[in-house]
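Trainee: Pasting a structure below so you can have a look.
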């Protein structure tokens, strides 16, 4: 027979139970006593032990075996795996709930009608009110109308700048002077652009500016000096509000597209991405497309003018070589236009046939009318930006914000580079066209080809640089642009152009377009990166300095020789790049994360 168990040892074990303690992985739960787990098909002797308020079931035959084989590590791993499993289930349910809430918001936005029957589409985040989500087709049509209208109006107006400033194609007496008046008025009105947009709205400002552009083109068909002076002044009044309005429309499109793709259940992107990241990515791409549309518009306008000039057979030589020999002027850096002002009206000889000029203006007038029709018919007034505390400001508040922008240290360091952009654009439109292209090649045809290459390379460089801006350091881009532009200015000082190598003129123009794209991309990304939500006043300040540079370059045209102007432009380049690269280094040291709106 088997021996009986020692009852004294069992009672001693029962009086002194071996309870294993371990620190809990989650603080505040105290010691843990493992519950008994009887083996399957085991013969057990069970008794109930009461402690007053609760009952605990003890398995006396298995307790010792379980306690002797207990391992805190195995228990911890089991409990940790259970906690991680519960955490994963919680995250899954949270993501599912977030997706459900977003789909519900999208359904409410899509089905909420307006009381007046016209839905006002907005993101509605800042006001904490749910607005109806705009249809995707409506927003895409709005963006397409904005870009197409901007490209057509650029094709109608931008080619006039080199033809009028350096060639006097449409008025040989007052070409650069009229453009100087235009940019002088634009410089003054840039300080009141935010007030005009606040009173009229972005859609009305764009449509009104396109209508004024049509009047501006019509007046060139009847070139009386007083009519042209009034039309140039009126057109200058619309430049700054038009630029701010189209920038506002780009922000409107980015806000609405971010809402559409955020609440779209078929969106392939990660639904857990922040709204700002998605909006910034869309904003960068839209700004890139807008700048590309502007450059392509300039290219299309120059191509149209070049084809018309070639077909109609314009004047073969604008300036007679014997007259130039009598005056003693040479082309390139040695060209001094003031020496020819008082010599038998040499500079006011017609440089383009009258019939050719009228045909070109008629085509540009048609492009302007097309842009006006697109803007009036397809820009939807229901698309608006989110309401914020900056809206509905008084004139005094707008002027106060503009004053603060002029006093901003960062904008003060960027102002010399913005002024230099205006100076170098005025130089390429007027001095380079007259002293290099027209003087050596004669006529308007080479001017259009030269600026066609300028526009194409500027578009290519702008798109490429905007894509690479997020992957390279900004001060490296500044250094490359400075070296490239300085080499160009040095080449212009030493180069004496000749008519037997016309391809070299196109190379110089294309290289200048690359430099211009670098500076404009840097300034635009700086402004929209430092001031993503309050960009109106800083952008107005930037427009002021740029148009001031254009006014100075065009107003001083013909006062000094070309060599002095090139040397002065090189000096201004140094004075502009030094404070700007210091600004970029300061922002990089402080860890400022610039939102580059032209790159993705």
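Every number here is computed from the coordinates shown, using simple stated rules; none is lab data. Bear in mind that the values here come from a model prediction, so they are computed numbers and not experimental data. So basically every Cβ, Gly included, is an ideal-geometry build from the backbone, and we count neighbours across all protein chains shown.
Trainee: Mind ordering 183-192, 539-548 by average Cβ neighbours within 10 Å, highest first?
Mentor: Final packing ranking: 539-548, 183-192.
Trainee: Which FRET efficiency value, to the nearest 0.05, is calculated for residue 395 and residue 563 with the Förster distance at 45 angstrom and r the Cβ-Cβ distance?
Mentor: For R0 = 45 Å, the calculated efficiency reads 0.45.
Trainee: For the stretch 136-589, what mean projected area does the convex hull of the alpha carbons give, in nm²?
Mentor: 21.9 nm²
Trainee: Same structure, new question: If packing is taken as the average count of other Cβ atoms within 10 Å, what order do 358-369, 148-159 fall into, highest mean first?
Mentor: Highest to lowest by the protection proxy: 148-159, 358-369.
Trainee: Then there is this: Under the definition of Cα pairs under 8 Å and six or more residues apart, what whole-number percent is the relative contact order of the stretch 136-589?
Mentor: With pairs under 8 Å counted, the relative contact order is 29 percent.
Trainee: Further question on the same structure: Compute the relative contact order of the stretch 400-524 as a whole-number percentage, counting only Cα pairs closer than 8 Å that sit 6 or more residues apart in sequence.
Mentor: 42 percent.
Trainee: Mind ranking 399-412, 489-502 by how tightly packed they are, going by the mean number of other C-beta atoms within 10 angstrom, highest first?
Mentor: 399-412, 489-502
Trainee: Once label points are set 7 Å from the Cα along Cα→Cβ at both residue 227 and residue 468, what is their separation, rounded to one decimal in nm?
Mentor: Between residue 227 and residue 468, the label points sit 4.9 nm apart.
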